[in-house]
Amino acid sequence: MAKINSATFMPDSATETSGPEFDAILQVVAEQPSGATFSDLASHKKLRLSTRTLQRRLERLVAEKRLIAEGVTKARRYHLPAKSTPQAETRFVAAKPSASTVFGAEAQKLRALIRRPLTQRTPVGYQGRFLESYQPNKTFYLPAATRKQLLQSGQVGLSELPAGTYLRQVLQRLLVDLSWNSSRLEGNTYSLLETQRLLEIGASGEGHSARETQMILNHKAAIEMLAEEAEGIGFNRHTICNLHALLSDNLMSEPEACGRLRERAVGISGTVFHPLELPQLIEQRFDQALAKAEAILDPFEQAFFIMVHLPYLQPFEDVNKRVSRLAANIPLIRHNLCPLSFIEVESADYVDGTLVVYEQNRVECLRDVFVWAYQRSCARYAAVRQSLGDPDPFRLKHRAIISDAVRAVVLGKMKAAATKRALTKHAASLPSGGEQAQFIKVVQKELSALHPGSIMRYRLRPSEFEAWKKQTR
């Protein structure tokens with residue numbers, strides 16, 4: 001019999017906080033009107049847990065919002081959320097409909113279906129025909145007019161350049177935007193400013209669980225992978241499984257589940273949808289979905305297709321929606337289009353769109369969210385483009401040799417004299433003296449501006465950068 005791994009729908013979490021240990025912690029906290037400190041809990045006779053186990057249980061309860069943590073270190077107190085009871089289960093409950101105008105008339109009707117009580121919705125399993133009926137470049141989830149509109153909004157004038165050129169230009173901004181917004185959709189409570197501080201200087205936000213911090217750092221690593229491997233990424237096992245491994249790092253109950261297709265059943269509460277259970281069928285549908293996605297020619301249809309079918313299949317034990325959101329950026333990166341950062345997307349809208357796919361096999365709700373989200377992202381990065389100005393044609397033309405030169409100098413821990421010799425040698429491959437002089441000037445400027453937040457574009461590790469800086473001080 002397949003082992004069941006039960007998970008809440010929102011957030012997309014690998015944790016589970018039902019069981020006597022968790023109930024006992026909640027009961028003890030409920031007995032403390034002013035909140036319970038860690039010492040209160042550790043010394044309570046009802047809780048016979050080791051220090052580390054208690055810490056883990058508290059982190060999970062806070063991550064799933066069954067407890068609220070206030071204060072830091074020894075002064076931190078744990079409280080029950082308002083109107084909560086120790087025995088209440090953390091399960092997805094449909095959020096209050098947002099006041100946004102994201103959904104059209106048809107989507108509103110579908111949304112109403114999944115907002116009925118669970119007892120009024122018919123249980124349904126994975127429907128293979130939903131995937132089988134989709135024929136790449138013949139079936140379209142996005143109408144032609146919508147695809148045309150998205151293309152007009154997303155073009156940045158770099159379509160003829162190698163994949164990932166535009167992503168690298170806005171990478172520092174996207175790392176913060178996409179990491180924060182995708183994590184926020186999972187219930188992460190980091191603020192935008194806290195996310196920026198974490199990613200740029202490594203400062204963890206106070207009052208946040210280790211899981212929340214790890215989630216954001218994992219997004220950064222996954223986005224950097226997409227940027228670094230822009231010309232080789234695609235809808236294949238290598239890309240998607242490695243994307244999952246990065247996004248789920250240190251968040252799975254079993255480390256070997258990172259980047260591996262699931263071999264056991266999962267249950268999603270808050271919905272009447274039951275995902276596939278047989279590993280052979282999961283693997284078959286996974287390969288089928290990726291093959292169909294890769295065959296789609298339109299980048300926006302590709303992006304939306306993967307946002308529909310990856311979460312629907314649930315190929316991994318957890319973190320499926322996060323994978324789908326970053327994977328949706330793959331065709332946008334490959335075509336040098338504006339990225340999709342999910343800026344200003346309401347969690348309730350995204351959740352409802354996904355639930356309609358699960359229970360009704362209809363895409364209208366999620367499609368409205370996707371289109372709205374992409375338009376907001378385009379508006380965001382249009383402003384970013386204006387602040388960045390037009391890209392330097394010389395740097396675009398010689399980006400590979402510039403990157404090689406910067407990397408060689410850092411890895412070689414070169415001081416001024418050795419750097420000058422190395423740059424002269426690299427410049428010799430350029431056709432004219434004028435270009436050679438400009439090349440040396442550009443690389444010197446890149447080296448002087450290099451900092452921990454920009455080293456990934458040169459495929460450098462923090463330790464390599466620090467060793468070079470130490471040598472040149």
>> Scan the stretch 385-401 and tell me whether some residue there is at pLDDT 85 or above and either more than 25 Å from Phe465 (Cα to Cα) or crowded, with 17+ Cβ neighbours inside 10 Å (or both).
In response: no
>> Cβ-Cβ distance below 8 Å, separation of 6 or more or different chains: which pairs start in the stretch 436-448 with a residue that is of a type in the set (Gly, Ala, Ser) and end on one that is part of a helix (DSSP H, G or I)?
In response: Ala437/Ala427
>> Just to confirm my filter: which helices (runs of 4 or more DSSP H) fall fully inside the stretch 302-412 and include at least 3 residues that are more than 30 Å from Pro275 (Cβ to Cβ) and not β-branched (Val, Ile, Thr)?
In response: 364-388, 393-397, 399-411
> If you go through the stretch 143-163 one residue at a time, do you hit one that is at pLDDT 95 or above, within 21 Å of Cys378 (Cα to Cα) and in a loop (DSSP other than H, G, I, E, B)?
Replying inline: yes
> Taking the stated definitions as given, is Gln302 modelled with pLDDT of 95 or more and surrounded by fewer than 23 Cβ atoms within 10 Å (Cβ to Cβ)?
Replying inline: no
>> Need a quick list: helices (runs of 4 or more DSSP H) entirely within the stretch 172-290 having at least 2 residues that are closer than 20 Å to Lys321 by Cβ and assigned by TED's automatic domain parsing to the domain that holds Phe304.
In response: 210-228, 237-248
> In the stretch 39-53, which residues are surrounded by fewer than 18 Cβ atoms within 10 Å (Cβ to Cβ) and not in a loop (DSSP other than H, G, I, E, B)?
Replying inline: Ser39, Asp40, Ala42, Ser43, Thr51, Arg52, Thr53
> Could you list, in sequence order, the residues of the stretch 213-239 that are more than 27 Å from Glu283 (Cα to Cα) and surrounded by 23 or more Cβ atoms within 10 Å (Cβ to Cβ)?
Replying inline: Ile216
> Quick one: what pairs do we get from the stretch 336-358, first residue of a type in the set (D, E, K, R), second not in a loop (DSSP other than H, G, I, E, B), C-beta under 6 Å, 6+ apart or different chains?
Replying inline: Glu344/Arg376; Asp349/Val369; Asp352/Arg111; Asp352/Cys365
> modelled with pLDDT of 95 or more, over 28 Å from Glu263 (Cβ atoms) and of a type in the set (Gly, Ala, Ser) - does that describe any residue in the stretch 322-330?
Replying inline: no
> When the residues of the stretch 240-276 are filtered to those that are β-branched (Val, Ile, Thr) and at pLDDT below 95, which remaining residue is surrounded by the fewest Cβ atoms within 10 Å (Cβ to Cβ)?
Replying inline: Val272
>> Conditions first: (1) hydrophobic (A, V, I, L, M, F, W, C); (2) surrounded by fewer than 16 Cβ atoms within 10 Å (Cβ to Cβ); (3) modelled with pLDDT under 80. Phe92 passes all but one, so which condition is the exception?
In response: (2)
> Restricting the stretch 437-457 to residues that are part of a helix (DSSP H, G or I) and modelled with pLDDT under 85, which is farthest from the chain's Cα centre (by Cα)?
Replying inline: Ala449
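The values are calculated or read from the model by the stated rules, or taken from the named source; none is laboratory data. Please read these numbers as outputs of a predicted model, since none were measured by experiment. Ideal geometry is used to build each Cβ from the backbone, glycine not excepted, and the neighbour counts take in all protein chains shown.
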